[in-house]
1. State all residues of region 91-127 that are in a loop (DSSP other than H, G, I, E, B), closer than 21 Å to Gly18 by Cβ and either β-branched (Val, Ile, Thr) or modelled with pLDDT of 65 or more (or both); if no residue qualifies, say none.
2. Please go through region 75-90 and give me each residue that is within 17 Å of Val53 (Cβ to Cβ) and either of a type in the set (Gly, Ala, Ser) or modelled with pLDDT of 85 or more (or both), ordered by number.
3. Residues being assigned to a helix (DSSP H, G or I), hydrophobic (A, V, I, L, M, F, W, C) and surrounded by 15 or more Cβ atoms within 10 Å (Cβ to Cβ): count how many of those fall in region 13-25.
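The values are calculated or read from the model by the stated rules, or taken from the named source; none is laboratory data. Since the model is a prediction, treat every value here as computed from it, not as a measurement. Neighbour counts are summed over all protein chains in view; Cβ atoms, including those assigned to glycine, are modelled from backbone coordinates with ideal geometry.
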Amino acid sequence: MLLAGDRGAARLAREAVGALPIDASMRHDVALVVSELVDNAVRHSGTGPGGRVGLRVSGEAASLRVEVRDAGRGRPEPREVSSAASGGRGLLVVSGIARRWGVVAEPHGTVVWADLEGDGHSGEMRAEGGGR
């Protein structure tokens with residue numbers, strides 16, 4: 001799925017996750033991870049108006065992978081923030097929910113991925129579309 005590189009991208013990504021045939025508790029976790037990664041891509045990659053962020057969610061209900069692609073060159077890392085800060089905890093949230101996550105540099109940008117595990121009550125599921 002391709003999303004416009006603007007503030008509405010995270011909301012649209014969450015809505016797409018809402019349509020996936022997965023357990024409700026897993027859907028909540030996937031939506032939170034997707035929202036954080038897409039928001040980070042829009043805010044920090046240099047992807048702005050006219051740019052695109054790619055979202056892919058693939059796997060089976062018991063084990064899903066979220067991938068967010070953008071045209072940025074940076075390497076996202078969790079950072080320490082003060083308790084008074086109103087933001088900056090997105091990757092800490094992802095780290096707390098995902099079984100594992102990472103970053104892959106590509107020739108034309110970056111992919112941030114996260115693997116999540118669920119209870120396996122649903123069958124095969126795929127909602128994808130990458131690119132820039």
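1. Ala98, Gly118
2. Across region 75-90, the qualifying residue is only Gly90.
3. 3
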